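Okay, so here's the structure we're looking at.
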Amino acid sequence: MAHWFHRNPLKATAPVSFNFYGVAGSPAANKICNDLRTTRARLLEMFTDVTCSPEIMKNATDAYFSLLQGFISSLDGTTQENKMRFIQNFKWTDTIQGNIPSAQQDAVFELVSMAFNVALWYTKFASRLAGKENITEPEAKDVHRSLKVAAGIFKTLKEVHIPRLITPAEKGRDLETRVIDAYIIQCQAEAQEVTIARAIELKHNATLIAALAFETANFYQKANQTLNTLEPECSSKWRKYFLLKQHFYIAYAYCYYGQTLLASDKCGEAIRALQEAEKCHSCAVDQCKEYRQTKGPGTTAKPSEQLFFLKLGGVIKNTLEKCQRENGFIYFHKVPTEAPLLELKASYGLAEPIPFELPPLSEQCSAEVYATFDLTKGAKNDKAKPKEEEVRPMKEPDLKPQKDTGCVVS
């Protein structure tokens, strides 16, 4: 599959024991605490397990979140906050700020941080699958769907769950609007890359392909602008990725728009469009070099050497030469000085986030069991075990892109 995607590292977290000795006043309450610990550990393991599938990830996520909601949702029939919401401290690192953790004693902070990592997993799963040789059609669909699922999770966190935090998101960190917006837009743009590959493979109308490419370039431009007020040392590499993809898909748009113009017997304008495509592709090549040389979170890939990148250059060159030949034999049109304006809007193929919903509350978390948690008894202080509080980076599997065979979505 002819795709390469930039990925930031997963968030890391400190271990959580959920040892509420004294507070958990019944066997059922103790079982909830034990299950919270094991389902959390299981979910964290899945993030770095290369054999994990979307189905396994969903099951692991639902198992933990169905229990965690027992510390968030009101279970006593009142509108008051769940008495267990603020009993446990949680620590999480950041995807672009390095291994410096943030901590909040709030189960909602745990929910949004863990769900953020779930969304990141879906993007990494999509990236790993898209880098395979000889990808099948069902796998290509999994890539497309996974990116839309990730976008839906990020969007729901931003709109529903992050506003519930007592302590506002820190500026420049994952839960802050600029960063989460960039992730949403990136997921949508990458999903549309899959759509474009599909449209090209099925030889859809060049006008549709040009419009989709133009919309995708606009997504990447918007993502780049979203991050322009962040500290450069945290966001520069990520922004270089957005910039090179923006130029790449503008080149795509001009290339296929040129084909549309030629089909409409506007050969001079077609030549000018293809010349602009060459210029944008060359600019994208320069951005690729800058991406590789920029320090920061992300991969050390060589995107300009990937076949998907080289292939577009060949398509532009061949199409331009064809237009020039046709103009010399048939049309004799004057080539305009200014490139044609791309006023293209796609009516089909735009990627929308798939809405994210939390699983139902676990049957273990009944009002009767909830009543047996007694905060007046006081929980054993986990701070007595400082080693448990250490936040170690996730050991992620090697996601370097494999050799690209040049296949596209079929």
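The values are calculated or read from the model by the stated rules, or taken from the named source; none is laboratory data. For clarity, every value in this text was computed on a predicted model and none was experimentally measured. When we count neighbours, we look across all protein chains shown, and the Cβ atoms used for this are built from the backbone with ideal geometry, even at glycine. Remember, those area values only see protein heavy atoms, side chains included, never the ligands or the DNA or RNA. Shrake-Rupley method; radii C 1.70, N 1.55, O 1.52, S 1.80 Å.
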FRET efficiency (Ser26, Glu278; Cβ distance; R0 45 Å; to 0.05) is 0.05
Among all stretches of the chain without exposed GluC sites (Glu not before Pro) (DSSP loop, at most 16 other Cβ atoms within 10 Å), which one is longest? 171-337
Please list, by residue number, everything in the range 46-66 whose backbone N is under 18 Å from a paramagnetic label point 7 Å out along Cα→Cβ of Asn34. 64
Counting only residues 5 or more places away or on other chains, whose amide H sits under 5 Å from the amide H of Phe373 once H atoms are built in the peptide plane? Gly25
Phi angles of the range 102-111, converted by Karplus (6.51 cos²θ - 1.76 cosθ + 1.60, θ = phi - 60°) into ³J(HN,Hα) in whole Hz with x for Gly and Pro, give 10, 10, 9, 8, 7, 5, 5, 4, 5, 4
Rg in Å to one decimal, and Dmax rounded to a whole Å, for the range 88-355 via C-alpha atoms: 20.7, 77
Amide H partners (placed H, <5 Å) of Asn19, local residues excluded: none
Using a Gaussian network model of the chain with C-alpha springs under 10 Å, which one of Val112, Val149, Val315 is most mobile by mean-square fluctuation? Val315
Using only the heavy atoms of the protein chains and a 1.4 Å probe, how would Phe356, Phe86 rank by accessible area, largest first? Phe86, Phe356
Quick one: net charge around Ile32, please, counting Lys, Arg +1 and Asp, Glu -1 for every other residue with C-beta under 13 Å from its C-beta. 0
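Filter Lys279/Lys322; Lys240/Lys322; Lys58/Lys289; Lys155/Lys289; Lys203/Lys237 down to the pairs with a C-alpha to C-alpha distance above 29 Å, please. It would help to have the intermediate numbers written out before the result.
Numbers: Lys279/Lys322 18 Å; Lys240/Lys322 33 Å; Lys58/Lys289 38 Å; Lys155/Lys289 32 Å; Lys203/Lys237 34 Å.
Correct reply: Lys240/Lys322; Lys58/Lys289; Lys155/Lys289; Lys203/Lys237.
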Within the set of other residues whose C-beta is less than 15 Å from the C-beta of Asn318, count the net charge using Lys and Arg as +1 and Asp and Glu as -1. +1
